[in-house]
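Read through the structure below, which is laid out as structure tokens, and then see the notes.
Any read-out appearing in this document is the output of simple, stated calculations on the displayed coordinates, not a laboratory observation. Note that the structure is a prediction, hence the values are computed from the model and not measured. Ideal geometry is used to build each Cβ from the backbone, glycine not excepted, and the neighbour counts take in all protein chains shown.
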Amino acid sequence: MKIQLYLPDLFFKVKVEEMLKHAEVNYAEISSLKKFNGDLLIANLEDEGVIDLVQTFPSQVICFCSHVNINLMFKAKSAGCEHVYQRSVFFIKLPQIIKEKIKN
């Protein structure tokens, strides 16, 4: 499985990378959403353009955002994205989500 990260925010990027390394999962960073060509994308829903990608590839995106951004989470879920999380929940569940995705 080809996992890609689009996380311009260094804080979130480092945190996700550490979790993936700990889980021994290979991934690649992309600097632009236009470069997405993987099986799975991990992204912050609040970053520019992510909601558009979610609407195009809803089953291929795992995303998170602030718990107060309810409208954005609703928009992603309405587009068919089943992996939309509040930031705090995302960082708790990410290892399990990745394991499940790799099994399939």
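The residues packed around GLU100, meaning those with a beta-carbon under 14 Å from its beta-carbon, carry a net charge of +2 if Lys and Arg are +1 and Asp and Glu are -1. Only Cα pairs within less than 10 Å get springs; with that Gaussian network setup on the chain, which residue of ILE30, ILE42, ILE70 has the largest fluctuation? Evaluated over the chain, the most mobile residue of the options is ILE70.
Pairs over the 19 Å Cα-Cα cut-off, from the set LYS15/LYS75; LYS21/LYS101; LYS34/LYS103; LYS15/LYS35; LYS34/LYS93: LYS15/LYS75; LYS34/LYS103; LYS15/LYS35; LYS34/LYS93. Report D for region 3-103 in µm² per second (integer): Stokes-Einstein, Kirkwood Rh on Cα pairs, 20 °C, 1.002 mPa s. This corresponds to a translational diffusion coefficient of 160 µm²/s.
Multiplying the residue separation of ILE97 and ASN26 by 0.36 nm and subtracting their alpha-carbon distance yields 24.1 nm. Please identify, among VAL61, VAL25, VAL14, the residue showing maximal mean-square fluctuation in a Gaussian network model of the chain using a 10 angstrom Cα cutoff. Judging by the Gaussian network model, the answer is VAL14. Exposure proxy shown here: for HIS83, HIS22, the number of other Cβ atoms within 10 Å sets the order, fewest to most, as HIS22, HIS83.
The ranking of GLU29, GLU46 from fewest to most other beta carbons within 10 Å of each one's beta carbon is GLU29, GLU46.
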